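J.: Take a look at the following structure, please.
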Amino acid sequence: MSTPSPGGRFSRRRLLGLGGAAVAAAGVGVGVVAGRETAGGATVPGSATVAFRGSRQAGIITPAQDRLHFVAFDVTTDSRTELVDLLREWTQAAERMTAGQEAVPDGATGGKAHAPPGDTGEALGLPASSLTLTIGFGPSLFTHPAQGDRFGIAGQRPDPLTELPRFPHDQLDPARSGGDLAIQACADDPQVAVHAIRNLARIGFGVVSVRWSQLGFGRTSSTSTTQATPRNLFGFKDGTRNLKAEDPVALDQHVWVQPGDGPAWLSGGTYLVARRIRMQIETWDRSSLKEQETIVGRTKGSGAPLGQVDEFDPVDLGIRDSRGPVIPVDSHVRLASAEELGGIQLLRRGYNFTDGSDGVGHLDAGLFFLACCRNPQTQFVPMQLALASRDAMTEYLEHNGSAVFACPPGLGSTDYWGSTLFG
């Protein structure tokens, strides 16, 4: 239930400001305030606030929230000034919303009666819900296929920021691929995530237009050692060996763009790969447990690698029985392993999705794969090539959306989204 402020207007800022003391909790790369307390000392679920500013963008190594709203935009203006003005306005609104506030002060009900409200209002009364907003820039922002160097930044495009190749068996839908800009909203409450994207899209009217978007639920990996391993829609634990926020050395090696890797504006940032992967749920559900476990390379119950007992036992690719390798040569776990890929690793933070049915009674459901890496061309591309050409699971998958974005580093106290790129 929402709480009215004086004058009958609602303000999330006021609501949370009166909510009692927040308790600082151990953050992972970003400041985290978790567990707003009531006057009685009880913790209000979903009230955690993730710091918007810091050396890294939130929403990358932040412990993965449960809900996602991802959107890719096309920039419809060729004015650099209009684009930069929007990025500044977005930054202000994003910082407010991640703090549990309206997009603008008293935006939903406090404006002029005959003008559109400055906030859509569906998050009034809801806490911050660990909302993070992460921005990325696509290759076409730097050099548009038809309009070229619209914003004078073509020379700042990092070499690895090129459109991903078409992999074997890809069935890509252009309406679910690419984009000049992307914003990833993650939260513990889907309405908070949707509210954030809705308001950013509203603010961007006339400068950007939504190219495609994806809702997600149920994170499909753990980005922190504090989190349990979730299950994907095939029913298997997913992301057991994912990189974790508590391993800064590995993150520097595999996730964060380092000084000297490319243009200075991206140093401290990362690349975000997005792939919409439809799962052939009905076909999978008719396969035997033995076949499923052989394809994955893990047991379905405990998540242990084949030949082992517990989920976090080592993936031993050398174990053999009378029929050959216990973890099959075409299993997903083997082909995606760092051992098989010459040390390649990614930070995954994907989500399950279900977008209804396809008209013939099959679920349009699967994995919205999101992963961050230091160089998509030397990390994601060889990994996906290996999986697309040899993975037994490919029979049950359809990759129908694809995009890559460069995510700048975090924001200082006066920075805006893109300030390291646009100045």
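J.: For the stretch 295-316: of the residues being within 12 Å of PHE236 (Cα to Cα) and of a type in the set (S, T, N, Q), which is surrounded by the fewest Cβ atoms within 10 Å (Cβ to Cβ)? Explain how you work it out, then say what you get.
T.: Within the stretch 295-316, the subset within 12 Å of PHE236 (Cα to Cα) is 295-305, 311.
So of that shortlist, the ones also of a type in the set (S, T, N, Q) come out as 299, 302.
On the way: THR299: 20, SER302: 14.
Among those that are within 12 Å of PHE236 (Cα to Cα) and of a type in the set (S, T, N, Q), it is SER302.
J.: Within the stretch 181-207, which residues are part of a strand (DSSP E or B) and open to solvent by 10 Å² or more (accessible area, probe 1.4 Å)?
T.: Within the stretch 181-207, the subset part of a strand (DSSP E or B) is 181-187, 205.
Once the filter is applied, which keeps residues that are part of a strand (DSSP E or B) and open to solvent by 10 Å² or more (accessible area, probe 1.4 Å), the stretch 181-207 yields only PHE205.
J.: Name the residues in the stretch 246-256 that are aliphatic (A, V, I, L, M), within 17 Å of ALA371 (Cβ to Cβ) and open to solvent by 10 Å² or more (accessible area, probe 1.4 Å), would you? Steps first, please.
T.: Just the residues of the stretch 246-256 that are aliphatic (A, V, I, L, M), to begin with: 249-251, 255.
Going one step further and asking which of them are within 17 Å of ALA371 (Cβ to Cβ), we end up with 250-251, 255.
The answer is ALA250, and nothing else.
J.: Related question: Of the residues in the stretch 213-228, how many are open to solvent by 20 Å² or more (accessible area, probe 1.4 Å) and either at pLDDT below 95 or small (Gly, Ala, Ser) (or both)? Steps first, please.
T.: Applying the first criterion (open to solvent by 20 Å² or more (accessible area, probe 1.4 Å)) to the stretch 213-228 yields 213, 215, 217, 219, 225-228.
Adding the requirement that they be either at pLDDT below 95 or small (Gly, Ala, Ser) (or both) leaves 213, 219, 225-228.
Summing the residues that are open to solvent by 20 Å² or more (accessible area, probe 1.4 Å) and either at pLDDT below 95 or small (Gly, Ala, Ser) (or both) in the stretch 213-228 gives 6.
J.: Looking at the stretch 89-102, can you tell me whether even one residue there is among the β-branched types (Val, Ile, Thr) and under 30 Å from THR220 (Cβ atoms)? Break it down into steps so the answer makes sense when it comes.
T.: As a first pass, look at the stretch 89-102 and keep what is among the β-branched types (Val, Ile, Thr): 91, 98.
Those left that are additionally under 30 Å from THR220 (Cβ atoms): 91, 98.
Yes, some residue in the stretch 89-102 is among the β-branched types (Val, Ile, Thr) and under 30 Å from THR220 (Cβ atoms).
J.: Where in the stretch 328-423 are there helices (runs of 4 or more DSSP H), lying fully within it, with 2 or more residues that are touching a residue at least 60 places away in the same chain (Cβ under 8 Å) and either surrounded by fewer than 16 Cβ atoms within 10 Å (Cβ to Cβ) or not small (Gly, Ala, Ser) (or both)?
T.: Working: elements: 332-335, 380-390, 419-422.
In the stretch 328-423, the matching helices (runs of 4 or more DSSP H) lie at 380-390, 419-422.
J.: Now for a different question. If you take the residues of the stretch 166-180 that are among the charged types (D, E, K, R) and open to solvent by 60 Å² or more (accessible area, probe 1.4 Å), which of them is nearest to the chain's Cα centre (by Cα)? Talk me through it step by step, then tell me what you get.
T.: In the first step, residues of the stretch 166-180 are kept if they are among the charged types (D, E, K, R); the result is 166, 170, 173, 176, 180.
From the residues that got through so far, the ones that are open to solvent by 60 Å² or more (accessible area, probe 1.4 Å) too are 166, 176.
Working: ARG166: 22, ARG176: 16 Å.
Checked the stretch 166-180; the qualifying residue nearest to the chain's Cα centre (by Cα) is ARG176.
J.: Tally time: how many residues in the stretch 46-76 are modelled with pLDDT of 95 or more and more than 17 Å from the chain's Cα centre (by Cα)?
T.: Counting residues in the stretch 46-76 that are modelled with pLDDT of 95 or more and more than 17 Å from the chain's Cα centre (by Cα) gives 7.
J.: Show the residue pairs meeting these rules: Cβ distance below 9 Å; 6+ apart or different chains; first residue within the stretch 237-258 and under 21 Å from PRO408 (Cβ atoms); second residue among the acidic types (Asp, Glu) and open to solvent by 20 Å² or more (accessible area, probe 1.4 Å).
T.: As it stands, the answer is GLN258/ASP252, since those pairs meet every condition given.
The values are calculated or read from the model by the stated rules, or taken from the named source; none is laboratory data. Computed from a predicted model, the values in this text were never measured in an experiment. Note that we place each Cβ from the backbone using ideal geometry, even for glycine, and neighbour counts take in every protein chain shown. Side chains included, ligands, DNA and RNA excluded: accessible areas come from the protein's heavy atoms. Shrake-Rupley method; radii C 1.70, N 1.55, O 1.52, S 1.80 Å.
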